[in-house]
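Take a look at the structure below.
The values are calculated or read from the model by the stated rules, or taken from the named source; none is laboratory data. No experiment lies behind these values; they were computed from the predicted model shown. FYI the Cβ positions are ideal-geometry reconstructions off the backbone, even for glycines, and counts take in every protein chain you see.
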Amino acid sequence: MSGQARVLAPWEWIGAPMLQCMALTILFAVSLKVFGLQPPEPVFAMWPVFAWAMIRPSILAPFAVLLLGLFLDAFWGGPTGLWAVSLLVAYGVVLAARNMMVGQSQPMMLFWYASVTALAFGAGYLISAVKTQTYPSLVAVGWQFLATIVLYPLANRLIDRFEDADVRFR
């Protein structure tokens with residue numbers, strides 16, 4: 001039995017991480033201040049977006065990315081489509097560069113994750129600046145970016161979990 005892989009249903013690699021991201025986003029939105037400062041809210045949707053594109057092309061993943069982006073827009077009160085487009089750009093870039101990324105070392109994968117996150121944040125920054133005619137605080141965006149980079153182990157865990165369950169990776 002140890003040679004056989006268990007089947008990983010779409011609910012386990014798309015549905016559950018999507019609900020986890022939504023729950024964590026709501027949980028971190030609680031107004032908790034330490035010494036008068038509120039910690040930055042990471043974009044929890046980045047880790048599944050990265051992992052879904054790395055795992056395999058799927059018809060469900062882009063729709064899940066779109067739903068996560070629209071959820072973030074509605075929850076944070078941003079312009080509609082801001083995070084949806086930003087996350088879809090990140091998903092598309094990872095999907096296009098997937099063959100180059102597969103099999104890379106952990107530090108290199110972290111670099112890729114950080115690069116794609118920077119691209120998504122850059123797209124979000126530009127969309128926000130054009131849509132609202134004001135520029136978001138670069139310091140706040142920088143802190144949010146760093147907080148999102150810290151989430152890379154979650155993406156790595158999801159990728160590893162899928163690779164363990166999919167016999168094509170053995």
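Being among the aliphatic types (A, V, I, L, M), at negative phi and out of contact with any Ser or Thr (no Cβ under 9 Å at 6 or more places or on another chain) is true for just one of V102, V93. Which residue is that?
V102
If I filter region 34-74 down to residues being out of contact with any Lys or Arg (no Cβ under 9 Å at 6 or more places or on another chain) and charged (D, E, K, R), which single residue comes out as modelled with the highest pLDDT?
Only one residue fits best here, namely D73.
Restricting region 81-107 to residues that are in contact with a helix residue (DSSP H, G or I) (Cβ under 8 Å, 6 or more places away or on another chain) and over 16 Å from A45 (Cβ atoms), which is surrounded by the most Cβ atoms within 10 Å (Cβ to Cβ)?
Here the answer is M101.
Taking region 110-143, which residues are modelled with pLDDT under 95, more than 16 Å from D73 (Cα to Cα) and either among the aromatic types (F, W, Y) or surrounded by 17 or more Cβ atoms within 10 Å (Cβ to Cβ) (or both)?
Matches in region 110-143: Y135, W143.
I'd like to verify a number: residues in region 42-74 that are in a helix (DSSP H, G or I), hydrophobic (A, V, I, L, M, F, W, C) and within 17 Å of F28 (Cα to Cα), how many?
6
If you scan region 22-47, which residues turn out to be surrounded by fewer than 11 Cβ atoms within 10 Å (Cβ to Cβ) and among the charged types (D, E, K, R)?
Residue satisfying the conditions is K33 alone.
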